[in-house]
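Engineer: Dropping a structure here in C-alpha cells format, bear with me for questions.
The values are calculated or read from the model by the stated rules, or taken from the named source; none is laboratory data. What you are looking at is a predicted structure, and each value in this text was computed from that prediction instead of being measured. All Cβ positions, glycine included, derive from the backbone under ideal geometry; neighbour counts span all protein chains shown. When the accessible area is computed, the model is the full protein with side chains, heavy atoms only, and any ligands, DNA or RNA have been set aside. Shrake-Rupley method; radii C 1.70, N 1.55, O 1.52, S 1.80 Å.
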Amino acid sequence: MAACWITMGCYAVFVLTLTLHLQTTLSFSPLQAGLAFVPYTLGFGALSLTWNRYPPRLVRALPIAGPIAFAAGVTLLVLLCGARWQPVGSVPPLMLAGAGHAAGYSPLIASITARVEPWLASAVSALNATGPVLAGVIALAGLGSVYFAAPSSADGLLRVVAALAALLGIGTVCAVRATLAIRAVAPSA
C-alpha cells in the first residue's frame, strides 16, 4: 500500500506545482494550464485501460516500472520545458509520467485486493480510499513548502521534482518488496 500512497502523493504535488509554475511564471490562463495536462491524462488513461490485457509477467513488472517511469517523465519535463514551455516537447514526458502513474498504482492495488481474504476487504478498501488522500495532504504540505520557499517558481519546481524522484525511488523499493511478497504467497501468480 505504501507504494500506491507514495505514487498518489507525488501526483498531487506534481499537479499543484506545475500548475502554479505554468500560471505564475509562464502566464498560462487556467484553461491553458489545464490543457497542458492532457498528455498526462492520455498516458494515464491508455495504460489504465489496457494493463489487464498484458501478459502476466509484464503485469507483475508494472508496479516496479511505474514509479521509475513517473519519476523519469516529470524530471525530463522540468529539465526540458521548465523555463520555457514547449507544447510539442512536453507531450512525451507528460505521457510517460501519466503512464508511470497508472502502472505504479492500478496493477499493484488490484493484485493486493485480489489476494485479501473476504473478511478483510473492508479494511483494504478503507486503506485504499484514505491512504492516497492522506498521502496527498502530507505531500502537498511538505513539498508545497519546498516549492514556495524557493527563490523562483522554476527553482521550486526543480526542487519538488528532485524530491518526487527520491520519493518515487522509495515507492519503487516498496513495490519490489510487495511484488516479491505476493509472489512468495502465490508462486503461480
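Engineer: Could you list all residues from the range 4-32 that are of a type in the set (S, T, N, Q) and free of Cβ contacts under 8 Å to residues at least 24 places away in the same chain?
Structural biologist: Selection gives 19, 23, 27, 29, 32.
Engineer: Between a first residue in the range 88-99 that is within 14 Å of residue 18 (Cβ to Cβ) and a second residue that is open to solvent by 70 Å² or more (accessible area, probe 1.4 Å) and of a type in the set (A, V, I, L, M), which pairs have beta carbons less than 6 Å apart while being 6 or more apart in sequence or on different chains?
Structural biologist: Between residues of the range 88-99 that are within 14 Å of residue 18 (Cβ to Cβ) and residues that are open to solvent by 70 Å² or more (accessible area, probe 1.4 Å) and of a type in the set (A, V, I, L, M), the close pairs are 93/76.
Engineer: From the list 49, 42, which residue is over 13 Å from residue 94 (Cβ atoms) and within 17 Å of the chain's Cα centre (by Cα)?
Structural biologist: Within the list 49, 42, the selection yields 49.
Engineer: Filter the range 147-165 down to the residues that are open to solvent by less than 60 Å² (accessible area, probe 1.4 Å) and over 18 Å from residue 23 (Cα atoms) and list them by number.
Structural biologist: Across the range 147-165, the qualifying residues are 163, 164, 165.
Engineer: Follow-up question, since we're still on this one. Identify, please: which residue in the range 56-80 is aliphatic (A, V, I, L, M) and loosely packed, with under 15 Cβ neighbours inside 10 Å and is, among those, farthest from residue 182 (Cα to Cα)?
Structural biologist: 79
Engineer: Would you pick out the residues in the range 22-39 that are farther than 19 Å from residue 95 by Cβ and in a helix (DSSP H, G or I)?
Structural biologist: Once the filter is applied, which keeps residues that are farther than 19 Å from residue 95 by Cβ and in a helix (DSSP H, G or I), the range 22-39 yields 23, 24, 30, 31.
Engineer: Just name the residue that is nearest to residue 42 (Cα to Cα) out of those in the range 94-119 that are at pLDDT 95 or above and open to solvent by 10 Å² or more (accessible area, probe 1.4 Å).
Structural biologist: Step by step, filter the range 94-119, then rank; the result is 95.
Engineer: Related question: From (1) of a type in the set (Gly, Ala, Ser); (2) under 25 Å from residue 34 (Cβ atoms); (3) open to solvent by less than 20 Å² (accessible area, probe 1.4 Å), pick out the condition that doesn't hold for residue 131.
Structural biologist: Among (1) of a type in the set (Gly, Ala, Ser); (2) under 25 Å from residue 34 (Cβ atoms); (3) open to solvent by less than 20 Å² (accessible area, probe 1.4 Å), the lone unmet condition for residue 131 is (2).
Engineer: So which residues in the range 4-55 are open to solvent by 70 Å² or more (accessible area, probe 1.4 Å) and among the aliphatic types (A, V, I, L, M)?
Structural biologist: 31, 35, 42, 49
Engineer: Which of the numbered conditions does residue 83 fail, given that it passes all the others? Conditions: (1) farther than 19 Å from residue 5 by Cα; (2) open to solvent by 70 Å² or more (accessible area, probe 1.4 Å); (3) of a type in the set (Gly, Ala, Ser); (4) without any contact (Cβ under 8 Å) to a residue 40 or more places away in the chain.
Structural biologist: Of the numbered conditions (1) farther than 19 Å from residue 5 by Cα; (2) open to solvent by 70 Å² or more (accessible area, probe 1.4 Å); (3) of a type in the set (Gly, Ala, Ser); (4) without any contact (Cβ under 8 Å) to a residue 40 or more places away in the chain, the odd one out for residue 83 is (4).
Engineer: Right, next: Does the range 166-181 hold any residues that are open to solvent by less than 30 Å² (accessible area, probe 1.4 Å) and over 30 Å from residue 85 (Cβ atoms), and which are they?
Structural biologist: Answer for the range 166-181, where residues must be open to solvent by less than 30 Å² (accessible area, probe 1.4 Å) and over 30 Å from residue 85 (Cβ atoms): 175, 178, 179.
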